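Novice: Right, I'll just put the structure down here and ask away after.
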Amino acid sequence: MRSSAEAPCKAIITGEHFVVHGAWALAAALGKKVRVDVEPSDRFRIHSDAHLASRSALAPAARVVETMAREFSFRPNLRVDISSEVPDGAGLGSSASTMVAIVSALSRLKSLGLGRREVIDFAMVGEREIHGHPSGIDVNICTLGGVILFKIGTKPKQVSLSRPARLLVVHSGRKRKTRTLIDRVSATRSDYPALFGGLAQSASDISRLAAERLAAGDSKGLGRLLTYNHAVLSFIGASNDRLNGLVDLLLSLGCAGAKLTGAGGGGSVIAVTAEGKEKSTISELKRRGFEAFEASIPVGGARSWLRR
């Protein structure tokens, strides 16, 4: 008997970094996924493709399995196979997708019947190993799917769209290190505590406005909010010349707005493309050496199934 699970990756549309400090953030699940297959074995083994190939990166995944084994009193004699469509270090939630898929597959194999809240709680075990003190937005959106407004300590709010939307996702070509970026932003917070607090409050307003524009299908309004949010993130230290240049390029190609997504410092940029220019924009980005894809939202959350 083997169980399988898939979890989507994600893009934070607005509010990253400030969400850790109690602000609302807006996030969407994307169609690229992490898949996990789990089956009984003579011993505990985890195998992964390149995005989690190192022993240090696999350790948090092992911690999730071991934590669940202790909690539900079973021996972790399992083979866990991880495959991913999500580039590592791209700011698209590859680690959260992985942890959610592991929990979901193991729940299915052991007939644990875990609900979404429990999946999120166990996935956070691995996320804390990797990121220290994450907000939880990544594992929530990777579990729930769709588009959510998220705030620490508050039940996520699903955002219903009047029609499907599209986001352009562009990899900057540089991997980001979340903890490094969090430390850089924390330094800004220490230097300018009152200013940072004001920006955190405004981040909540921006996220709520972005949710309204996205739900209404107002791509131009959403784009303007993305660009503004990028400027704020750049000020607090989350951006760099590479990302700022990529945002400027996207705007020059006619995008309604663009910003970094996730921790920043590298990773990816998201953009709202002008209608009818999606293919030409991607073609020009690829000509310039950038990896890019168009993501349709909303998409479903994590799912699991048994295979005999």
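Novice: Does Ser204 satisfy the criteria of being closer than 19 Å to Leu149 by Cβ and of a type in the set (S, T, N, Q)?
Specialist: yes
Novice: Just one of the numbered conditions (1) surrounded by fewer than 16 Cβ atoms within 10 Å (Cβ to Cβ); (2) of a type outside the set (S, T, N, Q); (3) farther than 24 Å from Arg307 by Cβ is not true of Gly22; which one?
Specialist: The single condition Gly22 does not satisfy is (1).
Novice: Let me ask something else about it. Only one of Ser172, Ser135 is outside the structural domain of Ala69 (by TED's automatic domain parsing) and surrounded by 15 or more Cβ atoms within 10 Å (Cβ to Cβ); which?
Specialist: Criteria check complete, one pass: Ser172.
Novice: While we're on this one: If Asp88 satisfies all but one of (1) farther than 17 Å from Glu16 by Cα; (2) more than 14 Å from the chain's Cα centre (by Cα); (3) assigned to a loop (DSSP other than H, G, I, E, B), what's the number of the condition it fails?
Specialist: That leaves (2) as the condition not met.
Novice: Only one residue in Thr261, Thr273 is under 26 Å from His21 (Cβ atoms) and of a type in the set (Ser, Thr, Tyr), so which one is that?
Specialist: Thr261
Novice: Still on this structure: Please give the helices (runs of 4 or more DSSP H) falling wholly within segment 191-308 in which 1 or more residues are surrounded by 14 or more Cβ atoms within 10 Å (Cβ to Cβ) and among the aromatic types (Phe, Trp, Tyr).
Specialist: Ranges flagged: 193-216, 219-235.
Novice: Could you say which residue among Lys110, Lys10, Lys32 is buried (at least 24 other Cβ atoms within 10 Å of the Cβ) and charged (D, E, K, R)?
Specialist: Lys10
Novice: Okay, next question. Exactly one condition in (1) of a type outside the set (A, V, I, L, M); (2) in a helix (DSSP H, G or I); (3) over 22 Å from Leu306 (Cα atoms); (4) in contact (Cβ under 8 Å) with a residue 24 or more places away in the chain is not met by Arg108; state its number.
Specialist: Arg108 satisfies every listed condition except (3).
Novice: Suppose we filter Val185, Val170 for residues that are at negative phi, in contact (Cβ under 8 Å) with a residue 12 or more places away in the chain and not in a helix (DSSP H, G or I); which single one remains?
Specialist: It is Val170.
The values are calculated or read from the model by the stated rules, or taken from the named source; none is laboratory data. Keep in mind that this is a model prediction, so the values were computed, not measured. Neighbour counts are summed over all protein chains in view; Cβ atoms, including those assigned to glycine, are modelled from backbone coordinates with ideal geometry.
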